[in-house]
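The values are calculated or read from the model by the stated rules, or taken from the named source; none is laboratory data. These figures come from a predicted structure and were not determined experimentally. Cβ placement follows ideal geometry from the backbone for every residue including glycine, while neighbour counts extend to all protein chains displayed. Only protein heavy atoms, including side chains, enter the accessible area calculation; ligands, DNA and RNA are left aside. Shrake-Rupley method; radii C 1.70, N 1.55, O 1.52, S 1.80 Å.
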Amino acid sequence: MAHLHRAGMSPSKIDLLDAWVPTQPWFEGPPRSEGTADEGLRSVAAFRFDDPAGEVGVETIIVATPDGVQLQVPLTYRDAPLAGADDHLVGTTEHSVLGTRWVYDGTADPVWAAALATAVLTGGTQAEAWFEVDGERQLREPNSTVVG
């Protein structure tokens, strides 16, 4: 289960992706012009996998470009830098509950790779996501469904 926090992130996930995605070699589309009112990426859906150790956030966000192309962007969130993965750092963000988070391209993170392989090989699904409200767990309805 993925424990979600009702928290702020600065910069937000979509702001990090809006700056990072257009710089990737797999991105096809017009570059976003700095300082303009160009519409950037928008979040369409997301799903999470569990890290068995409970240390790394494992999420895949589906984003849409202004011209409607949808991209699947796997991410991991860590409380410290991932050794040897500097080239795969999407950015850092300040989480109002958890503190500084290092956000990585999930394809370069062994925790993401293991979570994906587990889902594929076992027919697993995304993790159930929940918030704690007044001391009780409340499930968040998924906005996407993933089955291995």
Inset, instruction - Confirm whether Thr76 is β-branched (Val, Ile, Thr) and open to solvent by less than 30 Å² (accessible area, probe 1.4 Å). - result: yes
Legend entry - Condition check for Glu94: under 30 Å from Glu39 (Cα atoms) and either modelled with pLDDT under 95 or loosely packed, with under 13 Cβ neighbours inside 10 Å (or both): yes
Inset, instruction - Return the pairs, sorted by first residue and then second, in which the second residue is modelled with pLDDT of 90 or more and not in a loop (DSSP other than H, G, I, E, B), the first residue lies in the range 17-31 and is loosely packed, with under 13 Cβ neighbours inside 10 Å, the beta carbons are less than 7 Å apart, and the residues are 6+ apart or on different chains. - result: Pro31/Pro22
Legend entry - Top-ranked residue of the range 92-120 - restricted to ones that are assigned to a helix (DSSP H, G or I) and not hydrophobic (A, V, I, L, M, F, W, C), ranked as nearest to the chain's Cα centre (by Cα): Gly106
Inset, instruction - Would you please name the residue that is farthest from Asp15 (Cα to Cα), looking only at residues in the range 37-71 that are assigned to a strand (DSSP E or B) and of a type in the set (Ser, Thr, Tyr)? - result: Thr60
Inset, instruction - Scan (1) within 18 Å of Trp26 (Cα to Cα); (2) open to solvent by 60 Å² or more (accessible area, probe 1.4 Å); (3) in contact with a Pro (Cβ under 7 Å, 6 or more places away or on another chain) for the single condition Glu39 breaks and write down its number. - result: (1)
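Taking the range 72-91 on its own, how many of its residues are in contact with a helix residue (DSSP H, G or I) (Cβ under 7 Å, 6 or more places away or on another chain) and in a loop (DSSP other than H, G, I, E, B)?
Residues that pass the stated criteria total 1.
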Legend entry - Residue check, Thr100 open to solvent by 40 Å² or more (accessible area, probe 1.4 Å) and in contact (Cβ under 8 Å) with a residue 24 or more places away in the chain: no
Legend entry - Positions within the range 1-47 being touching a Phe, Trp or Tyr at 6+ places or on another chain (Cβ under 7 Å) and modelled with pLDDT of 90 or more, in sequence order: Val21
Inset, instruction - Output the qualifying pairs, or none if there are none: Cβ atoms under 9 angstrom, residues six or more apart or on different chains, first residue in the range 84-96 and on the phi > 0 side of the Ramachandran plot, second residue assigned to a strand (DSSP E or B) and buried (at least 16 other Cβ atoms within 10 Å of the Cβ). - result: Gly91/Trp102; Gly91/Val103
